[in-house]
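Here is the structure we will look at.
The values are calculated or read from the model by the stated rules, or taken from the named source; none is laboratory data. For clarity, every value in this text was computed on a predicted model and none was experimentally measured. Backbone-built Cβ (ideal geometry, glycine too); neighbour counts: all protein chains shown. Heavy atoms of the whole protein, side chains included, go into the accessibility calculation; ligands, DNA and RNA do not. Shrake-Rupley method; radii C 1.70, N 1.55, O 1.52, S 1.80 Å.
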Amino acid sequence: ALDAKRAEFRAHLAATAPEEMHMNRILGNDQKAYPDSNRCVAIATQSAIYEMVLPGGAAIFVPVIIGYLLGAAALGGLLIGSLTSGFMLALTMSNAGGAWDNAKKWVEKCGSEGEPLEGEEKPINGIN
């Protein structure tokens, strides 16, 4: 978790570097200036690829090292453990993805129809 926060912080630093602070803007068809979202996506993509080099290398080299150093039984245990934990992670992520999609659809529906939420009040000092 700490490594993920560090990676997120490094990506934030890259996105808010002094040369990026002038807020590159693109002139739209309506003659209004819009933020350059492609630049933001490029920074996030570059940071994500950079941060995945070490885990990708570990996924390739750890089984080879375990197989040579500890033998076939240890390699089998590593692979079985990796597959079962990956399967459980896949189940969790598929359920979370479905819940995320349902929540997004609900927000889009309520936003377009103006359906009030239960207990919805006016914002107090911009807190809500």
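Being modelled with pLDDT under 85 and either open to solvent by 100 Å² or more (accessible area, probe 1.4 Å) or under 22 Å from LYS5 (Cα atoms) (or both): is that true of MET88 here?
The answer is no for MET88.
Whether any residue in the stretch 58-77 is under 22 Å from ALA11 (Cα atoms) and open to solvent by less than 60 Å² (accessible area, probe 1.4 Å) is what I want to check.
yes
Right, TYR50: more than 25 Å from GLU8 (Cα to Cα) and not hydrophobic (A, V, I, L, M, F, W, C) or not?
In short, no.
Within the stretch 4-24, is there a residue that is more than 30 Å from SER82 (Cα to Cα), modelled with pLDDT of 70 or more and open to solvent by less than 60 Å² (accessible area, probe 1.4 Å)?
Checked the stretch 4-24: no residue is more than 30 Å from SER82 (Cα to Cα), modelled with pLDDT of 70 or more and open to solvent by less than 60 Å² (accessible area, probe 1.4 Å).
Out of all the residues in the stretch 44-53, which are assigned to a helix (DSSP H, G or I) and either at pLDDT below 90 or aromatic (Phe, Trp, Tyr) (or both)?
Residues satisfying the conditions are ALA44, THR45, GLN46, SER47, ALA48, ILE49, TYR50, GLU51.
Hey, among the residues in the stretch 51-78 that are free of Cβ contacts under 8 Å to residues at least 12 places away in the same chain and closer than 23 Å to ARG6 by Cα, which one's nearest to the chain's Cα centre (by Cα)?
MET52
Quick check on this structure: which one of GLY28, GLY81, GLY98 is at pLDDT 65 or above and either over 23 Å from the mean Cα position of the chain (by Cα) or basic (Lys, Arg) (or both)?
Of GLY28, GLY81, GLY98, the one residue that is at pLDDT 65 or above and either over 23 Å from the mean Cα position of the chain (by Cα) or basic (Lys, Arg) (or both) is GLY81.
When PRO63 is evaluated against the numbered criteria (1) at pLDDT below 85; (2) in a helix (DSSP H, G or I), which criterion, by number, is the only one it fails?
Unmet condition: (1).
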